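Please read the structure below before turning to the comments.
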Amino acid sequence: MPLKQLAPGEMTADDLRDWCSVLNDMTAADMPAEPRWRTDRLRDYLVGSLPDDTRYLFMDRDGDGDLVGHASLILFGGEQGGTGVVEMSTRPSARGKGVGTRLLRAVAECAKANGCRTLSVEVIATTPAVGFYDRHGFTRLEVEQRHLLRWAEIDWEKIEHAAGRLAAGYRLEYHAGGVPDRLMDSYADVKANLHSNPGNVAFVPEWRGSAYAPALRDSFTVLAERGMRSHIAVAISEPYGHVVGLTELVVSAQRPTRADQYDTVVAPEHRSYGLAMSMKARLLTELRRAEPQLMDVQTWTLDSADDVRWINAELGFVHDVDWYDYEADVDKLLARMARKA
Ligand SMILES: CC(C)(COP(=O)(O)OP(=O)(O)OC[C@H]1O[C@@H](n2cnc3c(N)ncnc32)[C@H](O)[C@@H]1OP(=O)(O)O)[C@@H](O)C(=O)NCCC(=O)NCCS
């Protein structure tokens, strides 16, 4: 059976089971300590995208009908239009036979046909994907340090203390699933700092909306639709009740023992009061109650983000592996692939 492009809604129960089994074979081979994937809400996870974005899925089966590899391509619309994010896996038993290349070609052709000029991909430094994307001429733009906080190693006394130590004139609030309307505009304003100060954050998750309140609302809705539970702590300045700092974390139904911590940002005029530390510590105390199955939290930072790294280290995060951001120009990638074919 040839490589097939599917609309996410076309996936059958067998497709979903096979998709998950490739992910888990890949995890066992390349990153054995990482949590395994579940089929719980996997369809929702693969179908969901922000209103401006479009997702394409690709499945490659061998002559016996066994799934040997799959890929997902998200084409951003709106502000990030012209860029696509790729994720792909070849089943370890089928590697080195051109499956990955076939999938990449299909992805790049689809990207080009839909006006996408640049493909980006996140790669774990210790995996064969590095050799693969190097071979295909991708450029390494950024190195991010993945840090892991292991639940069993958390010093809860220290975390509770940090969560309760708050500068005068501020209070913290915790919210699950989104941010109440009364906070949305100031929340969006604080988020805008991530765009103007990119050193503060590393990994740009595919689901992150813009700093524009309606788009943020959409991004929380889409997260929920994809089976991703968001947990948020905000710092609020008194007496106006505006958000001046935020930290966000997501727990997915597909890997519920793992939490992904993304944005943490404090508005410039409210920095140096220890708000980031208090917010992150508070979020952990809330998670202990809300997500008792958790085994770890992962986060990413750039080498340059000293302040965030210091806070993470205080909370018990440990650097375990680097992630690379790779990028390729779609036309050049297709031209290289045509020369090699
Ligand atoms: C990356 C991956 C998809 C490659 O799949 P694959 O089917 O083995 O790739 P191919 O057989 O098409 O290999 C294509 C080229 O990459 C090269 N390559 C593949 N793995 C390599 C490695 N570990 N080191 C060096 N080169 C490598 C091959 O030698 C080949 O080069 P050639 O064209 O000169 O022969 C596969 O290793 C994988 O699933 N990795 C885990 C998932 C992952 O991390 N994905 C990246 C994030 S999206």
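The values are calculated or read from the model by the stated rules, or taken from the named source; none is laboratory data. Source: prediction; values computed, not measured. Every residue, glycine among them, receives a Cβ derived from its backbone with ideal geometry; neighbour counts consider all protein chains shown. The accessibility values were calculated without ligands, DNA or RNA, using every heavy atom of the protein model including side chains. Shrake-Rupley method; radii C 1.70, N 1.55, O 1.52, S 1.80 Å.
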Item to check | Filtered residues of region 145-160 (kept if in contact (Cβ under 8 Å) with a residue 24 or more places away in the chain and not basic (K, R)) | outcome: Q145, H147, L148, L149, W151, A152, E153, I154, D155, W156, I159, E160
Checklist entry - Can you name the residue in region 91-101 that is surrounded by fewer than 19 Cβ atoms within 10 Å (Cβ to Cβ) and not hydrophobic (A, V, I, L, M, F, W, C) and is also farthest from the ligand (Cβ to nearest atom) among such residues? => result S93
Checklist entry - Which residues, taken from region 287-325, are among the charged types (D, E, K, R) and either without any contact (Cβ under 8 Å) to a residue 60 or more places away in the chain or open to solvent by 30 Å² or more (accessible area, probe 1.4 Å) (or both)? => result R288, R289, D303, D306, D307, R309, E314, D320, D322, D325
Item to check | Breaking point among (1) within 15 Å of the ligand (Cβ to nearest atom); (2) under 30 Å from A281 (Cβ atoms), for H147 | outcome: (1)
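Residue under question is A113, and the condition is that it be in the same structural domain as E225 (by TED's automatic domain parsing) and loosely packed, with under 13 Cβ neighbours inside 10 Å; does it hold?
Working: in the same structural domain as E225 (by TED's automatic domain parsing): no; loosely packed, with under 13 Cβ neighbours inside 10 Å: yes.
Considered against the rule, which asks whether it is in the same structural domain as E225 (by TED's automatic domain parsing) and loosely packed, with under 13 Cβ neighbours inside 10 Å, A113 comes out as no.
Please state which one of L73, L103, L16 is part of a helix (DSSP H, G or I), modelled with pLDDT of 95 or more, on the phi < 0 side of the Ramachandran plot and touching a strand residue (DSSP E or B) at 6+ places or on another chain (Cβ under 6 Å). It would help to see each step written out before you state the result.
Numbers: L73 fails: part of a helix (DSSP H, G or I); L16 fails: touching a strand residue (DSSP E or B) at 6+ places or on another chain (Cβ under 6 Å).
Among L73, L103, L16, only L103 is part of a helix (DSSP H, G or I), modelled with pLDDT of 95 or more, on the phi < 0 side of the Ramachandran plot and touching a strand residue (DSSP E or B) at 6+ places or on another chain (Cβ under 6 Å).
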Checklist outcome for this item: Subset of region 116-127, residues within 20 Å of H319 (Cα to Cα) and either of a type outside the set (S, T, Y) or open to solvent by 20 Å² or more (accessible area, probe 1.4 Å) (or both), comes to E122, V123, I124, A125, T126
Next on the checklist: Can you pull out every residue in region 58-90 that is within 9 Å of the ligand (Cβ to nearest atom) and open to solvent by 40 Å² or more (accessible area, probe 1.4 Å)?
Outcome noted: E87, M88
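Please determine, by comparing only the residues of region 106-136 that are in a helix (DSSP H, G or I), among the aliphatic types (A, V, I, L, M) and under 25 Å from S21 (Cα atoms), which one is nearest to the ligand (Cβ to nearest atom).
The first filter runs over region 106-136 and keeps only residues in a helix (DSSP H, G or I), leaving 106-113, 129-135.
In the following step, the residues that additionally are among the aliphatic types (A, V, I, L, M) were identified as 106-108, 111, 113, 129-130.
Filter once more, so that each one left must be under 25 Å from S21 (Cα atoms): 106-108, 129-130.
Details: A106: 12, V107: 10, A108: 13, A129: 3, V130: 7 Å.
That would be A129.
Say whether the condition of being part of a loop (DSSP other than H, G, I, E, B) and within 30 Å of C110 (Cβ to Cβ) is met by at least one residue in region 236-249.
Within region 236-249, the first condition is being part of a loop (DSSP other than H, G, I, E, B), and the residues that meet it are 238-241.
Those left that are additionally within 30 Å of C110 (Cβ to Cβ): none.
No, there is no match, as no residue in region 236-249 is part of a loop (DSSP other than H, G, I, E, B) and within 30 Å of C110 (Cβ to Cβ).
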